[in-house]
Amino acid sequence: MSEVTRRGFIGGTAALGGGVMTAGVTTGVAAGVTAPPQGAPPLGPVVVRPGDPRYEDLVVRRTNQRFRPEPEYFHVVGSTEQVVKAVGDAVRANRRVTVRSGGHCYENFVGDGAQVVIDLCEMSEVYFDSERGAFAIEAGATLMDTYRKLYLGWGVTIPGGQCGGVAAGGHIAGGGYGPLSRRDGLTVDYLHAVEVVVVDRRGRAQAVVATRDPADPNHDLWWAHTGGGGGNFGVVTRYWMRDPKARGADPVTLLPKPPATVLSGVAIWSWDGMTKESFRRLLRNHGEWHERNSEPGTPATSLWGSLLIPGRQKGADPGGMILPTQVDAGVPGAEQLLKDYFAAVGEGVTPAAIVPPFQRDPWYHAVRTLGLDEASESGHYKGKSAYLRKPFTDEQADVAFDHLGTADDVSATGLLWVLSYGGQVNTVPAAATATVERQSILKVIHMATWEQSQDGEAQLAWVRRLHSRTFASTGGVPVPGGNCGGAYINYPDIDHADPAWNTSGVPWSTLYYGDNYARLRRVKRRWDPRGVFHHALSVRA
């Protein structure tokens with residue numbers, strides 16, 4: 001197993017693909033744009049070209065080391081006004097521009113053909129905006145910084161992902177989910193407003209604020225950023241977050257309160273002695289528990305787990321299946337709920353699971369220790385996603401067993417990841433946000449990793465076979481219907497648009513956006529009529 005698998009993928013992540021997909025252009029700031037509290041002048045703008053010692057640092061500021069952006073220059077910006085000028089200059093010079101916030105994209109959407117990369121890492125403020133009555137989060141703010149500032153400042157949080165280095169820019173635009181989503185819903189279910197730099201038909205750029213208010217003339221732009229993915233409509237520079245059900249102006253009541261304490265545990269099953277029948281049972285039990293326990297508002301939706309199945313290892317210790325799980329320690333019977341969960345998933349599975357003693361931690365300490373830091377997220381990898389509305393079939397489980405249960409050099413670097421989902425997520429109508437999939441109980445990631453010294457071709461072929469054979473009955477991709485619910489745009493996979501790997505006859509846009517794609521195209525035509533913002537899986541006007 002590669003180092004990125006050993007260090008970075010045990011414990012689960014909810015947002016690994018979410019940080020790099022905002023892009024845009026501006027030359028003027030529209031009325032109504034809100035600035036952060038006054039303080040020291042923002043850093044930037046800074047232009048970094050090849051030959052500057054900072055250039056290489058900006059090249060390597062990404063988690064997926066498969067890709068190496070080498071633009072004519074990086075533009076490090078610290079304010080909306082700087083983004084306006086930076087991108088406006090690039091557009092007037094007819095240079096292809098892309099934007100990076102956290103640097104976590106599964107695909108090469110930032111570096112592919114980019115002549116100018118705008119880096120938003122210094123736009124990282126998190127604060128309460130009293131004028132809007134909502135919490136402002138700039139696009140370059142990492143999730144860990146956001147959690148810390150919201151919690152220590154006001155005792156609130158957003159239901160975002162576990163990867164601490166992922167930035168808000170791409171994470172929120174693509175939907176956003178994490179350990180609190182079964183209890184509280186998706187990150188975008190709390191999106192109150194968004195500031196986006198757009199380019200009109202004449203090539204003029206401006207910053208626009210779009211809000212949840214249906215009477216807002218820019219409302220469609222807000223809707224597009226509730227799961228429409230980054231890199232599609234403009235540069236996201238800032239989000240405002242507020243519970244739509246909240247009333248009043250007291251900030252401590254305007255976003256969810258996290259658990260006071262978290263009870264966490266792990267169950268581990270060894271590959272040694274694991275048969276195909278027992279492996280089937282494990283995946284079936286895991287899926288059926290989520291079928292039975294995804295009713296919104298129940299104590300069970302405070303439980304979130306991440307079933308991680310790395311490939312069998314060579315040698316005396318073959319490794320095994322790992323199920324790190326956490327639950328709000330304040331729900332009635334939390335410890336028994338966790339025990340019952342492990343018992344239900346392991347029922348009839350041999351060998352039996354090893355379950356170490358549970359651990360109880362304050363919430364923010366748990367976020368820091370159970371989540372992933374930036375160093376743990378980095379490596380060479382290829383990921384593919386799917387939503388599951390029902391458990392894996394036995395045939396699909398057999399495909400996973402055949403690919404992961406053979407201890408060879410390639411399969412040992414692969415993994416299957418099955419994450420808890422559903423609950424409160426599924427209470428929102430499919431058309432209410434751009435995140436169309438509101439029926440699933442699990443989210444799936446197929447992944448292969450490799451070392452820098454390897455070319456990765458064998459691993460790429462392996463994960464492509466695993467994904468396509470898992471969904472062989474629907475043309476090699478998770479077509480919505482049956483036990484599938486499509487794919488997650490924050491885990492983008494360009495193979496879904498490749499007829500060599502998608503033989504379903506269903507376009508990639510349906511896999512990611514379903515019936516919401518038609519509306520997204522209308523938003524694209526209105527707000528990016530020149531097609532300035534594009535990548536391999538961008539919304540087509």
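With respect to GLY169, determine if the residue is at pLDDT 95 or above, out of contact with any Pro (no Cβ under 8 Å at 6 or more places or on another chain), closer than 22 Å to SER440 by Cα and buried (at least 21 other Cβ atoms within 10 Å of the Cβ).
Criteria not met by GLY169.
Please give the number of the condition THR275 fails out of (1) surrounded by 15 or more Cβ atoms within 10 Å (Cβ to Cβ); (2) farther than 19 Å from LEU415 by Cβ; (3) of a type in the set (Val, Ile, Thr).
(1)
When only residues in the range 297-331 that are in a strand (DSSP E or B) and of a type in the set (Ser, Thr, Tyr) count, which is surrounded by the fewest Cβ atoms within 10 Å (Cβ to Cβ)?
So, considering only residues that are in a strand (DSSP E or B) and of a type in the set (Ser, Thr, Tyr), the one surrounded by the fewest Cβ atoms within 10 Å (Cβ to Cβ) is THR325.
Quick check on the range 176-191. Is at least one of its residues modelled with pLDDT under 95, in a loop (DSSP other than H, G, I, E, B) and of a type outside the set (A, V, I, L, M, F, W, C)? Working first, answer last.
We begin by selecting, within the range 176-191, every residue modelled with pLDDT under 95; these are none.
No, every residue in the range 176-191 fails to be modelled with pLDDT under 95, in a loop (DSSP other than H, G, I, E, B) and of a type outside the set (A, V, I, L, M, F, W, C).
Among the numbered criteria (1) touching a Gly at 6+ places or on another chain (Cβ under 7 Å); (2) surrounded by fewer than 23 Cβ atoms within 10 Å (Cβ to Cβ); (3) outside any helix (DSSP H, G or I); (4) among the aliphatic types (A, V, I, L, M), which one does ALA432 miss?
Going through (1) touching a Gly at 6+ places or on another chain (Cβ under 7 Å); (2) surrounded by fewer than 23 Cβ atoms within 10 Å (Cβ to Cβ); (3) outside any helix (DSSP H, G or I); (4) among the aliphatic types (A, V, I, L, M) one by one, ALA432 breaks only (1).
Quick one: which residue in ASP398, ASP361, ASP340 is touching a residue at least 12 places away in the same chain (Cβ under 8 Å) and either assigned to a helix (DSSP H, G or I) or hydroxyl-bearing (Ser, Thr, Tyr) (or both)? Walk me through it before giving the result.
Working: ASP361 fails: either assigned to a helix (DSSP H, G or I) or hydroxyl-bearing (Ser, Thr, Tyr) (or both); ASP340 fails: touching a residue at least 12 places away in the same chain (Cβ under 8 Å).
Being touching a residue at least 12 places away in the same chain (Cβ under 8 Å) and either assigned to a helix (DSSP H, G or I) or hydroxyl-bearing (Ser, Thr, Tyr) (or both) holds for just one of ASP398, ASP361, ASP340, which is ASP398.
Take the conditions charged (D, E, K, R) and surrounded by 24 or more Cβ atoms within 10 Å (Cβ to Cβ) and apply them to ASP528. Does it pass? Break it down into steps so the answer makes sense when it comes.
On the way: charged (D, E, K, R): yes; surrounded by 24 or more Cβ atoms within 10 Å (Cβ to Cβ): yes.
When the stated conditions are applied, ASP528 passes them.
Looking at GLY486, GLY505, which is the one that is free of Cβ contacts under 8 Å to residues at least 60 places away in the same chain, assigned to a loop (DSSP other than H, G, I, E, B) and of a type in the set (Gly, Ala, Ser)?
Criteria check complete, one pass: GLY505.
Looking at (1) at pLDDT below 95; (2) more than 16 Å from GLY174 (Cα to Cα), can you tell me which one ASP528 breaks?
(1)
Any chance you could count how many residues in the range 435-453 are buried (at least 22 other Cβ atoms within 10 Å of the Cβ) and more than 15 Å from GLY485 (Cα to Cα)?
5
Tell me, please, whether a residue that is closer than 30 Å to GLY273 by Cα and small (Gly, Ala, Ser) can be found in the range 441-449.
Checked the range 441-449: at least one residue is closer than 30 Å to GLY273 by Cα and small (Gly, Ala, Ser).
Counting only residues that are crowded, with 22+ Cβ neighbours inside 10 Å and β-branched (Val, Ile, Thr), which one in the range 397-429 is farthest from ILE441 (Cα to Cα)?
Step by step, filter the range 397-429, then rank; the result is THR413.
Tell me which residues, restricted to the range 233-270, are in contact with a Gly (Cβ under 8 Å, 6 or more places away or on another chain), over 20 Å from GLU125 (Cα atoms) and part of a strand (DSSP E or B).
Once the filter is applied, which keeps residues that are in contact with a Gly (Cβ under 8 Å, 6 or more places away or on another chain), over 20 Å from GLU125 (Cα atoms) and part of a strand (DSSP E or B), the range 233-270 yields THR261, ALA267, ILE268, TRP269, SER270.
Just a yes or no: is a residue in the range 445-460 in contact with a His (Cβ under 9 Å, 6 or more places away or on another chain), at pLDDT 95 or above and under 27 Å from LYS524 (Cα atoms)?
no
Kindly establish whether GLY230 is part of a loop (DSSP other than H, G, I, E, B), touching a Ser or Thr at 6+ places or on another chain (Cβ under 9 Å), of a type outside the set (S, T, N, Q) and modelled with pLDDT under 95.
Against the criterion (part of a loop (DSSP other than H, G, I, E, B), touching a Ser or Thr at 6+ places or on another chain (Cβ under 9 Å), of a type outside the set (S, T, N, Q) and modelled with pLDDT under 95), GLY230 qualifies.
Restricting to the range 508-525, and then to whatever is aliphatic (A, V, I, L, M) and without any contact (Cβ under 8 Å) to a residue 40 or more places away in the chain, can you tell me which residue is surrounded by the most Cβ atoms within 10 Å (Cβ to Cβ)?
Our first condition is that a residue be aliphatic (A, V, I, L, M); within the range 508-525, this holds for 511, 518, 520, 523.
Filter once more, so that each one left must be without any contact (Cβ under 8 Å) to a residue 40 or more places away in the chain: 511, 518.
On the way: LEU511: 30, ALA518: 10.
So the residue we want is LEU511.
In the range 518-535, what residues are β-branched (Val, Ile, Thr) and under 23 Å from the mean Cα position of the chain (by Cα)?
VAL523
Please enumerate the residues belonging to the range 123-132 that are more than 21 Å from the chain's Cα centre (by Cα) and not polar (S, T, N, Q). Please lay out each step first, then the result.
Within the range 123-132, the subset more than 21 Å from the chain's Cα centre (by Cα) is 127-132.
Hits for the range 123-132 are TYR127, PHE128, ASP129, GLU131, ARG132.
Given the condition over 26 Å from the mean Cα position of the chain (by Cα), surrounded by fewer than 23 Cβ atoms within 10 Å (Cβ to Cβ) and either assigned by TED's automatic domain parsing to the domain that holds PRO391 or without any contact (Cβ under 8 Å) to a residue 12 or more places away in the chain (or both), answer yes or no: does some residue in the range 259-269 qualify?
No, every residue in the range 259-269 fails to be over 26 Å from the mean Cα position of the chain (by Cα), surrounded by fewer than 23 Cβ atoms within 10 Å (Cβ to Cβ) and either assigned by TED's automatic domain parsing to the domain that holds PRO391 or without any contact (Cβ under 8 Å) to a residue 12 or more places away in the chain (or both).
The values are calculated or read from the model by the stated rules, or taken from the named source; none is laboratory data. Computed from a predicted structure; not experimentally measured. Cβ sites come from the backbone with ideal geometry, for glycine too, and all protein chains shown count toward neighbours.
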